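Down below is the structure, laid out as structure tokens.
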Amino acid sequence: MLKIQDLKVEIEGKEIIKGLNLEINKGEVHAIMGPNGAGKSTLSAVIAGREEYEVTGGKIEFEGKDIMDLAPEERAHAGVFLSFQYPVEIPGVSVTNFIKTAINENRKAKGLDAMEAKDLLKLMREKQQLLEMDKTFMSRSINEGFSGGEKKRNEIFQMAMLDPKLAILDETDSGLDIDALRIVANGVNKLKGEDNAVMVITHYQRLLDHIIPDFVHVLFDGKIVKSGDKNLALELEEKGYDWIKQELK
Amino acid sequence: MTEEDKILHEVTNSEYKYGFVTDIESDTISKGLNEDVIRLISMKKNEPEWLLDWRLDAFKKFKEMTEPDWANVTYKKPDLQSISYYSAPKPKKTLESLDEVDPELLKTFEKLGISLEEQKRLSGVAVDIVVDSVSVATSFKEKLGELGIIFCSISEAIQEHPELVRKYIGSVVPKTDNYYSALNSAVFTDGSFCYIPKGTRCPMELSTYFRINQAGTGQFERTLLIADEGSYVSYLEGCTAPSRDENQLHAAVVELVAMDNAEIKYSTVQNWYPGNKEGKGGVFNFVTKRGICHNHAKISWTQVETGSAVTWKYPSCILKGDYSIGEFFSVAVTNNYQQADTGTKMIHIGKNTKSTIISKGISAGNSNGNYRGLVKIMKGAENARNFSQCDSLLMGDTCGSHTFPYIEVKNKTARIEHEATTSKIGEDQLFYCNQRGIGTDEAIGLIVNGYCKDVLNQLPMEFAVEAQKLLSLSLEGSVG
């Protein structure tokens with residue numbers, strides 16, 4: 001589904017990703033772990049098509065197609081979803097209005113008519129329940145005055161609504177209390193299936209107790225330096241990143 | 001190019017979508033401004049002598065006045081002698097139904113998406129269209145007539161209800177109030193008149209579509225709206241104009257009278273031709289709008305301004321009566337080389353008077369948007385309250401936005417609050433929308449509409465939808 005080959009990325013002249021390879025197939029859950037500044041968030045932003053980053057080498061293929069020249073919204077239409085680490089506020093735009101616009105823009109890109117209001121409401125209600133969200137949530141301005149947990153839940157709610165092929169969760173666990181973590185993880189697990197894939201970016205093991213990864217990769221200094229199964233995450237948790245640094249020496 | 005530079009570039013390159021000319025035969029008098037022209041207008045309109053005298057007096061005073069230059073706008077002053085002061089579509093006869101309206105004209109309205117048929121059928125709106133100064137169709141008149149509501153063109157009101165017109169015309173905006181109101185008083189050709197009798201709630205939104213159509217004719221509309229004691233009316237005014245190379249002058253006067261316990265909601269969506277992307281052409285919109293509130297009366301002005309090359313407009317409230325309320329909700333978009341100096345005046349005279357001002361400015365391209373407002377608390381205005389919020393949203397770094405709030409307080413019991421913010425559409429917001437599959441054009445529309453929500457919520461439903469479209473449309477063309 002996602003194939004990244006020898007990816008090199010710079011921002012303001014500084015190289016952040018230094019030749020990264022990664023392949024994610026459908027039905028798989030991959031965890032990307034690593035210390036601060038390793039390039040985890042840069043990787044997710046580059047896959048989603050953020051333009052401030054300059055790709056200086058390598059390529060990214062999604063479902064067999066080179067997506068390097070696609071605009072962020074075109075990548076979204078193709079099925080790439082990014083749950084932001086820091087979702088932005090859009091004052092005056094309700095969650096309902098935002099998701100309605102997103103759903104219909106995605107449908108338009110596929111040549112479909114706008115979703116019927118009653119179908120949309122039904123779908124929203126369903127996903128709301130899945131994420132144990134309050135009804136009043138839907139009429140609030142998106143992310144405005146949301147707590148950290150509400151922001152992340154809202155991200156996963158949108159993901160559930162848009163039903164992407166590849167979901168990238170960028171530190172979705174940060175700022176979540178234990179209950180919210182369980183709810184969010186439960187939401188992700190419900191959505192995970194044979195035809196889609198999840199890429200979880202995290203510092204910590206705790207999210208991976210709930211979303212069990214098939215593969216764990218350690219990103220360090222712009223490269224994946226170690227890959228393994230879920231036990232690698234446990235090992236990391238126990239030994240810390242210094243262990244990896246030692247190994248690399 | 002950064003994301004914002006691209007948006008800026010694209011926005012600057014989007015053309016006016018309503019730029020077409022309807023081919024209607026017109027009756028136009030030769031250009032120029034003098035007493036004979038005023039006499040001719042008055043004669044053509046079969047006006048009573050008092051009105052001719054009133055016009056001539058206004059003209060006399062006008063000649064002694066000079067064009068104001070305090071607004072933060074620069075433009076080439078229009079040559080008033082090169083304007084034709086009267087233009088009426090032919091054939092000029094009384095129309096009983098839509099069937100009699102020139103089909104070309106109906107097509108124009110269809111292009112604008114404001115088909116009369118639709119309006120009538122779907123929303124029950126009574127529409128009084130003013131195209132080039134003469135009303136060509138008035139609907140729902142009978143229904144309103146049953147309630148004693150008068151809703152007609154001002155020319156008709158002058159013929160049918162001269163006593164009301166004579167009593168109130170110039171009572172809120174005196175003919176010598178300012179340069180352009182004096183000019184309007186001298187040469188106004190048409191406009192709307194509305195009277196709501198005591199204790200009557202007007203059952204539908206009253207609506208007028210203005211449209212400048214004849215090349216080179218200035219429009220001098222005159223609107224007079226009287227809400228008698230305890231009555232309520234919501235009035236909608238919407239405008240678009242075809243594109244032209246020469247500047248067109250528009251100097252309207254709107255007067256509102258809200259008697260004791262009456263309420264008037266006056267909503268405007270304005271989309272006159274703003275000029276092309278080089279700043280050539282476009283409408284000059286120099287309007288005087290003012291309302292007076294008697295005891296316990298309320299006037300709300302809501303405006304969505306996206307058009308005109310130069311706008312100079314301050315819908316105001318004179319809060320004369322005790323416990324009267326004035327409100328001003330405004331969205332003003334400037335793009336390309338548009339300039340706007342707009343705001344409001346709230347004059348608190350009565351006791352326990354209250355006013356609210358919410359102004360949202362959006363500037364893009366090389367444009368310049370200004371908020372100018374005055375809150376004046378007179379000596380006798382015990383316990384007056386005002387809340388003002390003036391927000392500016394900038395797109396790109398070649399546009400400007402300024403806020404000029406004036407506050408004059410002569411009574412110690414007054415309580416005045418003023419809040420102001422300036423923000424930019426951030427790349428983070430755009431990327432967030434893009435990532436969810438929302439293209440940059442739609443994203444800007446969404447963000448801008450969200451920013452303006454407090455004002456758009458004040459508009460009647462069907463108008464709010466139109467206004468939202470207009471906002472997105474006027475900032476369209478920004479695919480990153």
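Observations
- Residues whose amide H comes within less than 5 Å of that of B:Gly400, counting only those at least five positions distant or on another chain, are B:Ser367, B:Asn368, B:Gly369 (H built at 1.01 Å from N in the peptide plane).
- Order of B:His418, A:His30, A:His203 - criterion: other Cβ atoms within 10 Å of each residue's Cβ, fewest first: B:His418, A:His203, A:His30
- Volume per residue of the convex hull around the Cα atoms, evaluated for the stretch B:346-421, comes out as 61 Å³.
- The charge dipole of the stretch B:356-480, taken about its Cα centre with unit charges on the Cβ of Lys, Arg, Asp and Glu (plus for the first two, minus for the last two), comes to roughly 720 debye.
- Whole-Hz couplings from phi, Karplus 6.51/-1.76/1.60, listed for the stretch A:22-35; x for Gly and Pro: 7, 10, 10, 9, 5, x, 9, 10, 10, 10, 10, 10, x, x
- Shape descriptor for the stretch A:1-132: Rg over Rh equals 1.01 (Cα atoms; Rh from the Kirkwood inverse mean 1/r).
- Alpha-carbon Debye profile of the stretch B:308-434, log10 I(q)/I(0) at 0.09, 0.17, 0.18, 0.19 Å⁻¹: -0.30, -0.81, -0.87, -0.93
- Here the Karplus curve 6.51 cos²θ - 1.76 cosθ + 1.60, taken at θ = phi - 60°, turns the phi angles of the stretch A:182-189 into couplings of 5, 4, 5, 5, 4, x, 5, 4 Hz, with x standing for Gly and Pro.
- Long pairs among B:Lys77/B:Lys167; A:Lys3/A:Lys127; A:Lys226/A:Lys249, criterion Cα-Cα beyond 23 Å: B:Lys77/B:Lys167; A:Lys3/A:Lys127
- Those residues of the stretch B:176-191 whose amide nitrogen sits under 13 Å from the label point placed on B:Met65, 7 Å along Cα→Cβ: B:176-188
- Whole-number D in µm²/s for the stretch A:170-249 (Stokes-Einstein; Kirkwood sum over Cα pairs; 37 °C, 0.692 mPa s): 241
- If only the Cβ of Lys and Arg carry +1 and only the Cβ of Asp and Glu carry -1, the dipole of the stretch A:103-249 around its Cα centre is close to 340 debye.
- Amide H contacts under 5 Å for B:Gly291: B:Leu256, B:Ser316, B:Cys317, B:Ile318, restricted to partners 5 or more places along the chain or on a different chain, H placed in the peptide plane at 1.01 Å from N.
- Unit charges on C-beta of K, R, D, E only; dipole of the stretch B:265-393, Debye: 340
- The ranking of A:Ile4, B:Ile357 from fewest to most other beta carbons within 10 Å of each one's beta carbon is A:Ile4, B:Ile357.
- Kirkwood hydrodynamic radius (C-alpha pairs) into Stokes-Einstein, chain A, 37 °C and 0.692 mPa s, D in µm²/s: 176
- Inter-centroid distance (Cα atoms) of the stretch B:259-284 relative to the stretch A:116-174, Å: 39
- Here the stretch A:172-196 is scanned for amide nitrogen atoms under 16 Å from the site 7 Å beyond the Cα of A:His210 along Cα-to-Cβ, giving A:172-192.
- For the stretch B:319-343 versus the stretch B:345-401, the gap between their alpha-carbon centres in whole angstrom: 7
- Amide hydrogen neighbours beyond the local backbone of A:Phe220, cut-off 5 Å, H modeled: A:Val225
- Coupling constants for the stretch A:37-53 follow from the phi torsions by the Karplus curve (6.51 cos²θ - 1.76 cosθ + 1.60, θ = phi - 60°), and in residue order they are x, 6, x, 5, 5, 4, 4, 5, 5, 5, 4, 6, x, 4, 7, 5, 8 Hz; glycine and proline get x.
- Over 18 Å between alpha carbons, listed pairs A:Lys65/A:Lys100; B:Lys351/B:Lys412; B:Lys175/B:Lys198: A:Lys65/A:Lys100; B:Lys175/B:Lys198
Each reported figure results from applying straightforward, stated rules to the coordinates on display, with no laboratory input. The structure displayed is predicted, hence computed values, not measured ones. We place every Cβ from the backbone using ideal geometry, glycine too, and count neighbours over all the protein chains shown.
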